[in-house]
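**Student:** One structure coming up, written as structure tokens, with questions to follow.
Read-outs: derived from the displayed coordinates by stated rules, not from any lab. Just so it is clear, the structure is predicted and the values come from calculations on it, not from any experiment. So basically every Cβ, Gly included, is an ideal-geometry build from the backbone, and we count neighbours across all protein chains shown.
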Amino acid sequence: MVGELRATVVPWLRRAGFTGNFPHFRRIEEKAIDLLTFQFDRHGGGFLVEITRCPPGGVVTPEGKAIAPNDVKAWDLNPSRRRRVVVRQTGRMEDWFRFDRQSSSDLSLMLLGKLNAPGLWDGLGPFGEPNEQHRLLKDLED
């Protein structure tokens with residue numbers, strides 16, 4: 001599955017302006033940094049994708065560690081600030097893309113469709129105003 005994602009999804013991410021290394025990607029823009037990460041089921045057979053946004057200057061963790069824009073990952077933000085890219089399988093909503101039930105190529109194409117969906121990043125920022133950045137840092141402290 002990783003090979004399939006690297007062959008199909010990662011090139012799309014690069015064309016969309018994302019940098020980083022698998023499984024963590026970022027797209028640095030003027031008003032926000034879009035973050036995307038892949039997480040694999042520790043028991044095998046599935047993966048999920050989480051997305052979020054952070055201020056253009058990076059973040060400060062609850063422990064006080066400053067993480068620069070070129071190093072920040074989705075996992076550096078509070079889970080309440082992240083959104084899972086949801087897949088519809090077997091008639092119900094699921095977070096996990098299950099490659100133990102479907103072919104890797106089908107899942108990669110399905111994921112590309114989800115990543116191209118209008119409004120996917122809506123509600124995850126932007127953080128252009130100082131008070132918005134303060135609220136995000138406050139969320140990280142909670």
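**Student:** Once a ≥ b ≥ c are taken as the square roots of the eigenvalues of the Cα gyration tensor of region 1-117, is the result rounded (a/c under 1.5), prolate (a/b larger than b/c) or oblate (a/b not larger than b/c)?
**Tutor:** It is prolate, given that a/c is not under 1.5 and a/b is the larger ratio.
**Student:** Based on the alpha-carbon gyration tensor of region 44-84 and its eigenvalue square roots a ≥ b ≥ c, which shape applies: rounded if a/c is under 1.5, prolate if not and a/b is larger than b/c, or oblate?
**Tutor:** Cα axes put region 44-84 in the prolate bin.
**Student:** Using mean Cβ contacts within 10 Å as the protection proxy, how do 27-35, 101-109, 57-65 order, highest first?
**Tutor:** The most tightly packed comes first, giving 27-35, 101-109, 57-65.
**Student:** If you don't mind, another one. Using a basic spin-label model with each label point 7 Å from the Cα along Cα→Cβ, how many nm lie between Lys31 and Asp106?
**Tutor:** Going by the 7 Å Cα→Cβ label model, 3.9 nm.
**Student:** Just rank Asp100, Asp41, fewest to most, by other beta-carbon atoms within 10 angstrom.
**Tutor:** Ordered by Cβ neighbours within 10 Å, fewest first: Asp100, Asp41.
**Student:** Separate question: For the ranges 44-54, 113-123, 74-84, what's the packing order if you count other beta-carbon atoms within 10 Å of each residue, average per peptide, and put the highest first?
**Tutor:** Result, highest mean first: 44-54, 74-84, 113-123.
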